[in-house]
Amino acid sequence: MDIPDYDKALYYTMWGQWDDLLVLMVRTKDDILSKKIQHFLHSFNFSLDESTIIQSHDNLLYYIDHAMKNTISDSAVKM
């Protein structure tokens, strides 16, 4: 898993590039990231409840933040 996957996911999510986010969902090796993207895109496209969309968006952002912190700290330990 590369840090750029998380950077890309954050960028695509913040700028509303859903097609690129979908491609990232398929290509990433992080299964949890892929699931979080899938849940967000599904709720964004099909949910009528705005709170569900916001919650899935926030869950995706929280996971990206969490994964980036852990990936960066793991890289620092290896050096």
Grab every C-alpha pair in the range 3-73, bin the distances at 10 angstrom width from 0 up to the longest one, and report whole percents.
22, 57, 19, 2
Simple SL model, points at 7 angstrom along Cα→Cβ for Asp7 and Asp20; separation in nm is 1.2 nm
If each DSSP helix of 4+ residues adds -39,500 (n - 2.57) and the sum is divided by the residues in the chain, what number results at 222 nm, nearest 500 deg cm²/dmol?
-29000 deg cm²/dmol
Other-chain or far-sequence residues with amide H under 5 Å of Asp30's (modelled H):
none
Note down the nm distance, to one decimal, between modelled labels 7 Å out along Cα→Cβ at Lys29 and at Asp49.
3.7 nm
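Bear in mind that the values in this text are calculations on the coordinates, not laboratory data. Here the structure is a predicted model, which is why all the values come from computation and not from measurement. Virtual Cβ from ideal backbone geometry, glycine too; neighbours counted across all protein chains shown.
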